[in-house]
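Read the figures in this text as sums done on the coordinates, not as results from a lab. These figures come from a predicted structure and were not determined experimentally. Backbone-built Cβ (ideal geometry, glycine too); neighbour counts: all protein chains shown.
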Amino acid sequence: MKIITTKAELTAIRTNCQEQNLTIGLVPTMGALHEGHASLVRNSVKDNDVTFVSVFVNPTQFNNKEDLAKYPRTLERDAELLSSIGADYVFAPTPEEMYTKEEMNDTFKFDFGGLDQVMEGKMRPGHFNGVVQVVSRLFYLVKPYKAYFGEKDFQQLCIIHYMVERSELKNTFGKLQIVDCPIVREKSGLALSSRNERLSEEGKKIAVNISKTLFDSLQWAKTMNVEQVKEQVINTINNINGLEVEYYEIADKTTLQTTNTFSNAIGCVVVWCEGVRLIDNIQY
């Protein structure tokens, strides 16, 4: 496995792969890799001739500089994991390699069709502009046949699909497929996340109640309406010492707008635990 740090080297390697008619898979990550990321990479290795994994903490998608500074950076450990599961190339650029000074300071513009006005977009203004900025750039650089994303970041996944379907990317990469991959959880049920590294062992035990409550809500949905389930989820989590709900929304999986039916619905939650912002979701 080879670690690449410049766009020029990446382009040269990708061009060589294309000349050999090799199919390319891409797994975009921000590093601090865990088994959830590994499952994406394994899918890519299985499906494609060559797998590229980006390891880049993208500064333009953080609206909180403190959160950006605290985000774990573990490239050496990440590279060992990726090598062991069959990744071929790791692209680990600096922000200065990825962006010009102007791009770092100006908000990337994209019409999200309203998908960015709810939940994460509402709580983290500009977040998805940065996500689309970096993912579209990776697509142009790597030109993958398939790109793999986890369902834990469900709103992000919807926006990536929207971007590919409704931008020039569809014409540029007509065969590009976005592959949705299920949430990977610890045995306890806690959704795997790079942010979990910032939790103490006690914090992890407390945070398990997030997924437990979401799973319980599947049963509540059999006898309660949407508003009742929403209230029950929020109250249950908030009543656990050490947890605080930022939001819980039950939304249509296609439009991400709030819904009053469980048909085609997803419940998306953000909970604070020990100063760490954790996300999870459940599909009804």
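The range 194-235 and the range 58-96 have Cα centres lying 28 Å from one another. Short-range pairs are left out: with C-alpha atoms under 8 Å and at least six residues apart, the relative contact order of the range 194-283 is 29 percent. Taking the DSSP bridge list for the chain and keeping only pairs wholly inside it, about 50 percent are antiparallel. One decimal place: the segment Thr6-Lys204 gains 67.6 nm when fully extended, by the rule 0.36 nm per residue minus the C-alpha distance.
When Rg and Dmax are taken over the Cα atoms of the chain, they come to 19.1, 59 Å. Taking all Cα pairs closer than 8 Å and separated by 6 or more residues, the relative contact order of the range 2-181 comes to 29 percent. What does the charge count around Gly113 come to, taking other residues whose C-beta lies under 14 Å from its C-beta (Lys +1, Arg +1, Asp -1, Glu -1)? Net charge around Gly113: -2. Candidate membrane-span-like segments in the chain, meaning DSSP H helices with Cα atoms spread over at least 15 Å of their own axis and a Kyte-Doolittle mean of -0.5 or above, are 127-142, 154-166, 201-220, 226-238, with no membrane implied. Among the listed pairs Lys122/Lys143; Lys65/Lys109; Lys7/Lys146; Lys46/Lys205; Lys2/Lys109, give every one whose C-alpha distance is greater than 28 Å. Beyond 28 Å: Lys122/Lys143; Lys46/Lys205; Lys2/Lys109. Among His37, His127, His161, sorting on how many other beta-carbon atoms sit within 10 Å of each Cβ, with the fewest leading, yields His161, His127, His37.
Students often check this: by mean Cβ neighbours within 10 Å, which of 267-278, 252-263 ranks highest, and how do the rest follow? Display every interim value, and only then the final one.
Details: 267-278: 19.6, 252-263: 14.4.
For the peptides 267-278, 252-263, the packing ranking is 267-278, 252-263.
Using the alpha carbon gyration tensor of the range 47-96, what are the three equivalent-ellipsoid semi-axes (square root of 5 times each eigenvalue), largest first, in whole Å?
Working: eigenvalues 125, 30, 14 Å².
Semi-axis lengths for the range 47-96 are 25, 12, 9 Å.
Under a 5 Å amide H cut-off, with hydrogens placed 1.01 Å from N, Asn63 pairs with nothing among residues at least 5 apart or on other chains.
Coordinate range of the alpha-carbon atoms in the range 90-132 per principal axis, descending: 31, 25, 17 Å.
For the range 194-283, the square roots of the Cα gyration tensor eigenvalues, ordered a ≥ b ≥ c, give a/c of at least 1.5 with a/b greater than b/c, which places it in the prolate category.
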